[in-house]
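The values are calculated or read from the model by the stated rules, or taken from the named source; none is laboratory data. All figures in this text were calculated on a predicted structure; none of them were measured in a lab. Positions of Cβ are generated from backbone atoms using ideal geometry, with glycine treated the same way; all protein chains shown enter the neighbour counts. For the accessible areas, the whole protein counts, side chains as well, though only heavy atoms, and no ligand, DNA or RNA atoms are used. Shrake-Rupley method; radii C 1.70, N 1.55, O 1.52, S 1.80 Å.
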Amino acid sequence: ERYCRWWIRWSLPHGGQPGDFQGARFAQHGESSRLPWTVCITENTPERVEILCTSRLSIMPFYIEKRFSLSNDDAILKMETIVKNEGAVELPLMAGHHLAFGSPFVGPGSIIGMPDGTTYSAHEATVFDTGRRSNGVSGTWPAMISDAGEQIDMRELPPSGTKSDLHYLKPSEGWYTISSKDSSITAKVNWNLAAQPYLWFWQEFGAGKTYPWWGMEYLVGLEPWTSSPGTGLSDAVAASTAHFLRPGQTFSNEVSVQISERKMK
C-alpha cells in the first residue's frame, strides 16, 4: 500500500460495453477476464520468478498464453502475451491491458507524462452517470477544453468529484509515466506500440455515485489497446481498428511496468 494500488486485467476478443459480433454475444470486455486460467510456475529462483497463464476462449477459438516475470536486479514487472487463432476462418479481435491506478499512489495533483505528439479523441457517449469532463473535441495532449469551456491540462489529475470521462490516446511512442503528487513514486509503462497503438484514458474521480463505484473510488486507467472505440468488436471492425488473425496465425505483445521511488527529505 505504501507504493501504489494498481491492477491489470486482460480483455479479449471484445472491448468495452456488452455487444454482439456475427451472432456471438459478449459481456463487458469479452471473455478472457471471465474464464478460468491454468497457472504454472516456470521459474522460481533467487534471481528470477516467472509464471505462465494459459486459457482457451469458448465463444471464439483463441488460445492465450501470458507470461509474467520479475528479476531481482530491477523493479520491473514484464508481461508477454501470445494469442493464437485455432479456428478455420480469419477472425478479428480487440485486445487490451487494463492498467488502472488508485490511492494511495495517485490522487488529485498526480502527474501523467506522455511522449510529445500524443493526440486524443473523446468517447462519443456520456460516460457513466456523471455527464463528461471534456467537451468531446479531439486534440493534442495535454490541452483539453472542459464541458464548461475551460482550459484543462490533462497531465494533472483533478480534484475529487470531477466528472468521469474516457479518451482514446494515440501516443507517438510506446511509453507513459504516472507519478504521485509529491513525485516520490513513479510508475513507467512500456509496451509494443505497433501491436497496441491506442491508449484508453479512463477517468473515474469519485463522481460516480452508482454501481460499481458508489462515490468511493478515485481511479485512472491508462490501457494499451489494439483498437478503438470502446463500444465492442463490431464497432472496432467497422472503424478498421480491429486486429485480424488468419487460421493458425498469432498475435503477440509485451508490456512492462517499472516502479521507482525517490526518497523525500
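List of remarks:
- The stretch 35-126 holds strands (runs of 3 or more DSSP E) entirely within its bounds, and those carrying 2 or more residues that are over 30 Å from GLY161 (Cα atoms) map to 38-44, 48-56, 62-71, 76-85, 91-93.
- Whichever residue in the stretch 192-216 is closer than 15 Å to THR118 by Cα and of a type in the set (A, V, I, L, M, F, W, C) and, among such residues, is surrounded by the most Cβ atoms within 10 Å (Cβ to Cβ): LEU199
- When the stretch 182-198 is filtered for residues that are of a type in the set (D, E, K, R) and more than 14 Å from the chain's Cα centre (by Cα), only ASP182 remains.
- Single condition SER11 does not satisfy, out of (1) open to solvent by 10 Å² or more (accessible area, probe 1.4 Å); (2) closer than 25 Å to GLU204 by Cα: (1)
- GLU31 vs. criteria under 16 Å from VAL255 (Cβ atoms) and surrounded by 14 or more Cβ atoms within 10 Å (Cβ to Cβ): no
- Residues located in the stretch 161-177, provided they are out of contact with any Phe, Trp or Tyr (no Cβ under 6 Å at 6 or more places or on another chain) and either part of a loop (DSSP other than H, G, I, E, B) or crowded, with 21+ Cβ neighbours inside 10 Å (or both): GLY161, LYS163, ASP165, PRO171, SER172, GLU173, TYR176
- Lone qualifier among SER227, SER234, SER252, SER240 - being more than 28 Å from GLY107 (Cβ to Cβ), open to solvent by less than 10 Å² (accessible area, probe 1.4 Å), at pLDDT 95 or above and of a type in the set (Ser, Thr, Tyr): SER227
- When ILE111, ILE82 are checked against the criterion of being closer than 17 Å to SER11 by Cβ and open to solvent by 60 Å² or more (accessible area, probe 1.4 Å), a single residue qualifies: ILE82.
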